[in-house]
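I have placed the structure first, in the form of structure tokens, so that the comments after it can refer back to it.
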Amino acid sequence: MSSLDILAIGAHPDDVEIGAAGSLLLAAKRGERVAILDLTYAELSSNGNVERRQQEAAAADKLIGVVERFNFGLPDRGLEAIREVAINRVVDLIRQMRPRIVLAPYFSDRHPDHESVSRIVREAVFNSGIRKYETESSMAAYRPEQLLYYFINSTVTPQVVVDVTAIYPEKMDVLRCYRSQFELEEGSVHTPLTNGYLEMVEYRERLFGSQAGVAFAEGFVSASPYVLANL
């Protein structure tokens, strides 16, 4: 049975990278097994297309060093209509891959799909540990040690920060793989992502870093308290 250190989940290719690419880069460099799950192909995005977005995701995967990337191909902007299907599919993947940590979008975000995925993952993480909760796969129950929420469009005071200073240029290289989303090209239209979005991400992570006494940090909110062995 496969096992992962981190399974990072998003609605669209680029969600995970925006909020957690630095942390995933650091984990992969330590030799940890990291994977990404996108629930949709982002087929309704204003710019680019599915084929281009998948090429960009593959380039990002190579830079991060993920061991595998999954895409369920669920409907963009249609996740609430198939909520139970989505939950069960995430349960199956968690039970199959047995990640130690799961990452999901923060539960308050301007994009409804990000909020939907946050709720879907929260329920899936809980359900995956219930022995009598059955799906079509009939795999054994398993619950990850920790569920952490990363930020895409939101900014609140994080509970957990990861110092990503040493590899921050690499994180920005990962995000620049998604040129169709962050750059105005011929035939593309203006969106919040083409209007200084990468600069906004950098500002947020400078802010998190300054709060922690480092140059750059990615922030997370924990779904449950941490236990410290010593003060």
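A short reminder: the numbers here are calculations on the coordinates, not readings from a lab. Model, not experiment: these values are computed from the prediction. Neighbour counts run over all protein chains shown; Cβ positions are idealised from the backbone, glycine included.
Taken about its Cα centre, the chain carries a charge dipole of about 760 debye when Lys and Arg each add +1 at the Cβ and Asp and Glu each add -1 at the Cβ. Restriction of the GluC sites (Glu not before Pro) in region 118-199 to DSSP coil positions whose beta-carbon has at most 16 other beta-carbons within 10 angstrom yields GLU134, GLU136, GLU145, GLU183, GLU185, GLU186. Treating each Cα of the chain as one equal point scatterer and applying the Debye formula with no solvent, the log10 of I(q)/I(0) at q = 0.10, 0.12, 0.14 Å⁻¹ comes out as -0.43, -0.63, -0.86.
Using a cutoff of 8 angstrom between alpha carbon atoms and counting only pairs six or more residues apart, the relative contact order for the chain works out to 24 percent.
Among the chymotrypsin sites (Phe, Trp or Tyr not before Pro) in region 162-229, those located in a DSSP loop and surrounded by at most 16 other Cβ atoms within 10 Å of their own Cβ are TYR226. Taking label points 7 Å from Cα along the Cα-to-Cβ direction, VAL67 and HIS190 give a separation of 4.6 nm. Of all DSSP beta bridges located in the chain, what percent are antiparallel, nearest 5? The answer is about 25 percent antiparallel. Here the Gaussian network model covers the chain, with springs between Cα atoms less than 10 Å apart; of ARG83, ARG204, ARG98, ARG83 fluctuates the most. Of all lysines in the structure, those lying under 18 Å Cα to Cα from LYS171, and not within fewer than 8 positions of it along the same chain, are LYS29, LYS62.
Using a Gaussian network for the chain with springs between C-alpha atoms less than 10 Å apart, which of these wobbles most: ALA58, ALA217, ALA42? Among ALA58, ALA217, ALA42, the largest mean-square fluctuation in the Gaussian network model of the chain belongs to ALA58. Extension gain for VAL156-LYS132 works out to 5.0 nm (0.36 nm per residue, less the C-alpha to C-alpha distance). Just to be sure I understand: with springs between alpha-carbon atoms less than 10 Å apart, which residue in ILE82, ILE18, ILE152 has the highest mean-square fluctuation in the Gaussian network model of the chain? The residue with the greatest mean-square fluctuation here is ILE82. Which one, PRO169, GLY129, ASN49, is farthest towards the positive end of the dipole of the chain when Lys and Arg carry +1 and Asp and Glu -1 on their Cβ? With unit charges placed on the Cβ atoms, the residue in question is GLY129. Counted over region 132-204 with a bin width of 10 Å, the fraction of Cα pairs per bin, in whole percents, is 14, 33, 24, 19, 11, 0.
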